[in-house]
Amino acid sequence: MKYKLYEMPSKTLIAHDYLEQIQRDQYEDTIRGVFESLKQYSIDIVSHRVVHGGEAFKQSVIVNDQVKEEIRNLSRFAPLHNPINLTGIEVAQSLFPDLIHVAVFDTAFHQTMPPSSYLYALPYEYYEQYGIRKYGFHGTSHRYVMGRAAEMMGRPKEQLRLISCHIGSGVSITAIRNGESYDTSMGMTPLAGLSMGTRSGNIDPGIIPYIEEIEKTDTAGAIKILNNKSGLMGVSGVSNDLRDVMKKAEEGHLRSKLALELFTTILHKHVGLYLARLNGVDGIIFTAGVGENSAAVRELVCSGLEFAGVNLDREVNRTSKGETFISTKYSPVKVMVIPTNEELVMAMDAFELGYN
Ligand SMILES: Nc1ncnc2c1ncn2[C@@H]1O[C@H](COP(=O)(O)OP(=O)(O)O)[C@@H](O)[C@H]1O
Ligand SMILES: CC(=O)OP(=O)(O)O
Ligand SMILES: [Mg+2]
């Protein structure tokens, strides 16, 4: 669990923490503990990350009973995330009933996608009646790095074609055009798209009934395997953490080498997909845990894209820290590392909603 406390509108960071490895039955106590530890500060607004906002939320909103009901209903599309997000809201509301609570949705930024991006080639009624479509996630992160990229490039975001690669424990790539999400790799749920720490990403749907047969399980059991036992973890058999897999690969562990190769090849192919979708790009952004820290992954993703104007400065890529260009000076496509800051966007949205 991550949190940041900001003073607004100065955007001064006052307190922050990243609590790792929290088990399901510890969520409530952990959230309670965080809020207790912040009681010394006078807090006015609490901004909550909510992963799935469906088509109902195109931007951030102040939480009321109807918003909570909608978040609960959307749990079927994000079972790993929305129930926890709702717990966070409810615990915070019980501790601070008089404060304004704001919900910021991962899906909101992607609501600008055209039907050619968000529809699945399924019977159309499934979309109309049941909301089966691509929603996309990590939108708050993609929105933040898009804004930073435009500033770094000194050009209005409305004039840019960008590919934003959010590579953390969850992985998604977004094609951004005119300052808006145009296409993105995750789907109706955050299981789709690229291979991740423990998630498979896209697979042939015909594999699912076969897994059910092999594992003597039901569909929910098979989906659990795709969510929790696949990706880097599943292929390497070592870890969902890229650092562990890389270390093992360097030691010659074959499955770790394969896991790494598959992970980066899938990333590379998706960048190619969005080069086509955007008719070429002005910038490529790397963000989140892996994107910000792994020069090796960035190099593998960009290699072979010189034909499209992507010229990585390998030396700068290896030695750079923080927000920086990693392409060569005259590279037609600018490649950037931009540390994401979803919490700052959440604070800005909350401030806007609470005070304007
Ligand atoms: N120095 C590093 N080199 C390679 N991978 C890293 C490094 N630091 C962090 N990571 C990867 O980043 C992942 C976490 O990314 P992060 O964006 O914090 O994810 P989340 O927000 O989903 O928890 C870790 O699982 C790890 O694999
Ligand atoms: C939506 C999603 O995949 O989020 P995370 O990467 O934080 O798991
Ligand atoms: Mg994340």
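The values are calculated or read from the model by the stated rules, or taken from the named source; none is laboratory data. Computed from a predicted model, the values in this text were never measured in an experiment. Here Cβ is always computed from backbone atoms with ideal geometry, including for glycine, and neighbour counts include all displayed protein chains. Protein only, heavy atoms only, side chains kept; ligands, DNA and RNA dropped before computing areas. Shrake-Rupley method; radii C 1.70, N 1.55, O 1.52, S 1.80 Å.
Points to keep in mind about this one:
- All of (1) within 20 Å of Ile285 (Cβ to Cβ); (2) assigned to a loop (DSSP other than H, G, I, E, B); (3) away from ligand 3 (no atom under 16 Å from the Cβ) hold for Leu162 with one exception: (2).
- Top-ranked residue of the stretch 53-93 - restricted to ones that are more than 20 Å from the chain's Cα centre (by Cα) and open to solvent by 70 Å² or more (accessible area, probe 1.4 Å), ranked as nearest to Asp349 (Cα to Cα): Ile62
- Of the helices (runs of 4 or more DSSP H) entirely within the stretch 251-356, those holding at least 3 residues that are open to solvent by less than 30 Å² (accessible area, probe 1.4 Å) and farther than 26 Å from Leu232 by Cβ occupy 342-355.
Listed here are the residues, each with its yes/no results for (1) in the same structural domain as Phe77 (by TED's automatic domain parsing); (2) in contact with a helix residue (DSSP H, G or I) (Cβ under 6 Å, 6 or more places away or on another chain); (3) within 14 Å of Val297 (Cβ to Cβ).
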site	(1), (2), (3)
Pro190	no, no, no
Ile208	no, yes, no
Thr219	no, no, no
Asn227	no, no, no
Val235	no, yes, no
Ala249	no, yes, yes
Tyr274	no, no, no
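Listed here are the residues, each with its yes/no results for (1) more than 16 Å from ligand 2 (Cβ to nearest atom); (2) open to solvent by 30 Å² or more (accessible area, probe 1.4 Å); (3) in contact with a Pro (Cβ under 9 Å, 6 or more places away or on another chain).
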{"site": "His110", "(1), (2), (3)": "no, no, no"}
{"site": "Arg143", "(1), (2), (3)": "no, yes, no"}
{"site": "Met153", "(1), (2), (3)": "yes, yes, no"}
{"site": "Gln159", "(1), (2), (3)": "yes, yes, no"}
{"site": "Ile167", "(1), (2), (3)": "no, no, no"}
{"site": "Thr174", "(1), (2), (3)": "no, no, no"}
{"site": "Tyr182", "(1), (2), (3)": "yes, yes, yes"}
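- Some residue of the stretch 206-219 being open to solvent by 40 Å² or more (accessible area, probe 1.4 Å), under 19 Å from the mean Cα position of the chain (by Cα) and either more than 16 Å from ligand 3 (Cβ to nearest atom) or of a type in the set (A, V, I, L, M, F, W, C) (or both): no
- Sub-6 Å Cβ pairs linking a first residue in the stretch 142-159 that is without any contact (Cβ under 8 Å) to a residue 60 or more places away in the chain and part of a helix (DSSP H, G or I) to a second residue that is polar (S, T, N, Q) and loosely packed, with under 14 Cβ neighbours inside 10 Å, at least 6 apart or interchain, are Glu158/Asn178, ordered by first then second residue.
- The helices (runs of 4 or more DSSP H) found entirely in the stretch 37-140 that carry 2 or more residues being closer than 26 Å to His16 by Cα are 65-73, 82-95.
- The set of residues in the stretch 16-30 that are in contact (Cβ under 8 Å) with a residue 24 or more places away in the chain and in contact with a strand residue (DSSP E or B) (Cβ under 9 Å, 6 or more places away or on another chain) contains only His16.
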